[in-house]
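The values are calculated or read from the model by the stated rules, or taken from the named source; none is laboratory data. In this text the structure is predicted, and so the values were computed from the model without any measurement. Please note: Cβ atoms are built from the backbone with ideal geometry, for glycine as well, and neighbour counts cover all protein chains shown. Heavy atoms of the whole protein, side chains included, go into the accessibility calculation; ligands, DNA and RNA do not. Shrake-Rupley method; radii C 1.70, N 1.55, O 1.52, S 1.80 Å.
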Amino acid sequence: MAGSPLESIMTLFADYASALDDRRFNDWTELFCEQCHYEVQSKENWDLRLPAALIYCDSRGMIQDRVTVLKDTLTYPYLHSRHLITNIRIHGEADGAYRVSANYLVLHTTEEGETRIYSTGKYQDEIVFSESGPKFLKKIVIADTSAIDNLLAVPL
Amino acid sequence: MAGSPLESIMTLFADYASALDDRRFNDWTELFCEQCHYEVQSKENWDLRLPAALIYCDSRGMIQDRVTVLKDTLTYPYLHSRHLITNIRIHGEADGAYRVSANYLVLHTTEEGETRIYSTGKYQDEIVFSESGPKFLKKIVIADTSAIDNLLAVPL
Amino acid sequence: MAGSPLESIMTLFADYASALDDRRFNDWTELFCEQCHYEVQSKENWDLRLPAALIYCDSRGMIQDRVTVLKDTLTYPYLHSRHLITNIRIHGEADGAYRVSANYLVLHTTEEGETRIYSTGKYQDEIVFSESGPKFLKKIVIADTSAIDNLLAVPL
């Protein structure tokens, strides 16, 4: 079941997506290294190298704090989210860390059952293989979409 | 051309999608085992463990019957469908059956050439490898989207 | 990092997408063989075997010419594009050329940050492995979507 590095990384992305979509936020944080970096940026800011990030965490502890806030605030009208992660590509490996990019599309479905595009963009990640499988050492989300009112709250 | 189990399963999903999108329904039924289970559920019902399914077939014969009905009823304004299947992940293997999940997005394009989201959701499948390649022993479609008037008619 | 033929082809598709989405058009043309064929068709025309193509190039030189035009005309309101390429499937190999199909979804995000579906459809390609990696010998884009006013201009 081990598979190639690419297959292991595809599995990591699938687990990342299903943890978020199922709201298993503790499982989601477990996919990051203790010492890690997680950042959500708008493409506009990223391209202009502006520092302002929508989400900025530089440890798993900070990610867990954010998740705690999320659990308390996710009382807004119930939405299903669905991540489609494609174009997964390994760019290279150095000191055991794989540089990986991918594209994502997140769809939201309202309580009434209507589905709409929530966000699309790309991931620029660094992934290391620990004994318990691959984990994110660094994950930068660069969102094309910015016309969404609650982007601040939700990891992508 | 054989590839890893994951690569064979990716091929099965691609064939599943193109058979449906090209309306080659007989080819589509051939991707299931004789003894199989195919079910389409709304996420709402699935999460509440309600028994009502949008489609429920417990043999390839039943799937073929449904396909026959489809061919007769697909006289409604012509639509192209397009399946994007992502996040394919093997969860384990027991007695030759692989437990596999994936996400899907189905887009419909009208006769006027306009494309809109038809349905998104996930697959929870069991896949076995026969002499003629991998086949679905069990396929459960759990649709996030429910605000669609003709969901009953069309496999996902 | 080499991986299976399917993994190399997945990498080619990821590079194809990111070159277009990042507007690195020269990098994009480098993914084609010198002698190649690139064509964009509407599904409607394709199914009726009508010859009219939205884009038709039968060499890399012609593709480069089109790219030059693109660079001059892409002064219309700034849009981000995002390609999601899925369902990548090898159908066979003959004389070193792999027949490959895939589905795509292209999303456009306006300057205001709103994302909408631009085009969906499929690729029917032939890919050869050169010393510098896999390249497109033939690429046919068959677009389901036709209700888009600027389809003529942009490669898919």
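With respect to A:Ala102, determine if the residue is part of a helix (DSSP H, G or I) and touching a residue at least 40 places away in the same chain (Cβ under 8 Å). Here the answer is no, as A:Ala102 does not meet what is asked.
The residues of segment B:113-125 that are among the charged types (D, E, K, R) and surrounded by 20 or more Cβ atoms within 10 Å (Cβ to Cβ), listed by number, are B:Lys122, B:Asp125.
Kindly establish whether A:Ala102 is open to solvent by 40 Å² or more (accessible area, probe 1.4 Å) and either at pLDDT below 95 or within 11 Å of chain C (Cβ to nearest Cβ) (or both).
Working: open to solvent by 40 Å² or more (accessible area, probe 1.4 Å): no; either at pLDDT below 95 or within 11 Å of chain C (Cβ to nearest Cβ) (or both): yes.
No, not satisfied.
On the stretch given as segment B:17-46, residues that are within 22 Å of B:Ser146 (Cα to Cα) and assigned to a helix (DSSP H, G or I) total 7. When each of B:Glu44, B:Glu112 is tested for being within 27 Å of C:Arg116 (Cα to Cα) and within 14 Å of chain C (Cβ to nearest Cβ), the lone residue that passes is B:Glu112.
Every residue, every condition in (1) polar (S, T, N, Q); (2) modelled with pLDDT under 90; (3) touching a strand residue (DSSP E or B) at 6+ places or on another chain (Cβ under 8 Å); (4) over 23 Å from C:Asp144 (Cα atoms), yes or no:
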{"position": "B:Cys57", "(1), (2), (3), (4)": "no, no, yes, yes"}
{"position": "B:Ile63", "(1), (2), (3), (4)": "no, no, yes, yes"}
{"position": "B:Val69", "(1), (2), (3), (4)": "no, yes, no, yes"}
{"position": "B:Tyr78", "(1), (2), (3), (4)": "no, yes, no, no"}
{"position": "B:Leu84", "(1), (2), (3), (4)": "no, no, yes, no"}
{"position": "B:Asn87", "(1), (2), (3), (4)": "yes, no, yes, yes"}
{"position": "B:Ala97", "(1), (2), (3), (4)": "no, no, yes, yes"}
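Residues that are surrounded by fewer than 17 Cβ atoms within 10 Å (Cβ to Cβ), under 24 Å from C:Leu105 (Cβ atoms) and either more than 14 Å from the chain's Cα centre (by Cα) or at pLDDT below 95 (or both) within segment C:23-43 comprise C:Arg23, C:Arg24, listed in sequence order. Checked against (1) outside any strand (DSSP E or B); (2) out of contact with any helix residue (DSSP H, G or I) (no Cβ under 8 Å at 6 or more places or on another chain); (3) aliphatic (A, V, I, L, M), C:Leu70 passes all but a single condition, namely (2).
Kindly indicate whether B:Asn87 is on the phi > 0 side of the Ramachandran plot and outside any loop (DSSP other than H, G, I, E, B). It is true that B:Asn87 is on the phi > 0 side of the Ramachandran plot and outside any loop (DSSP other than H, G, I, E, B).
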